[in-house]
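For reference, the structure is listed below as C-alpha cells.
Derivation of every value follows stated rules applied to the coordinates shown; laboratory data play no part. Keep in mind the model is a prediction, meaning the values are calculated, not measured. No Cβ is skipped: glycine too gets one built from the backbone with ideal geometry, and neighbour counts run over all protein chains shown.
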Amino acid sequence: MRKLRILLLFIVLFTLSSCGPNPGKFNDNLIENLNKADREYTRFYALADQYSDNDNFIIVTEKGKVTIKEMEELIKQINKYNTPKEGDDFKNLTVEYIKNMVNSVKGFTQDEKLTKDQFEKALENMDKNEVKLNEIDNKIIEAQKSFASKRGFELKGVSSKK
C-alpha cells in the first residue's frame, strides 16, 4: 500500500511538473500587467492634457520619464514569464501594446524643455496612436480568447465581439 501511495504521488508530481506554465496564471499575469500599463498611461495622458494650456511642460516631461521606466519594467517582467503552449501571440501582442504606449509617451520626453509646438505635436501623436492601440487591444482580446480555448479554461468578463 505504501509503495502504491509513493507511486501515485510520483505520478501526480510528474504530471503537474510536465504541464509547463499554468495557462490561467499566465493569463492573469498578462492582464494584470496590461491593466497596470493602462493605468499609468491614462494618468500620464490626464496630466499632459491638464498642462496643454501651459508653457511649462517640465512636469509632464518628468512624469513621462517615470511612466516610460515603469512601462519598460512591465515589459521586462512579461518577457520573463514562461509562455505556455499557444500563448506566444497573446504575450507578444501584450508587449506590443505596452511598447506602443511607451512610444507615445516618448514624444513628451524628447527634450528637457519642450516648446509649445513640440508639446502639441506629442499630444496630437498620442491622440492618433489611440487608433493603433484600439486595434492592438482587439487583437489581444482575440488572442486571449483563442489561448483560453486552446488551453481549456474559461474567461470571465471578456466581451464577445462576434
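Brief remarks on what is shown
- Pairs from K63/K145; K69/K145; K85/K106; K80/K150; K36/K150; K25/K113 whose Cα-Cα separation, in the structure shown, is over 32 Å: K63/K145; K85/K106; K25/K113
- Pairwise FRET efficiency - R43 versus K139, Cβ, R0 = 30 Å, nearest 0.05: 0.80
- Cβ-derived FRET efficiency at R0 22 Å, K156 paired with K132, nearest 0.05: 0.20
- Candidate aspartates and glutamates - alpha carbon under 17 Å from K121, same-chain residues fewer than 8 apart omitted: D49, D53, D55, D111, E112, E130
- Extension gain, I58-Q110: 0.36 nm per intervening residue step, less the Cα-Cα distance, totals 17.6 nm.
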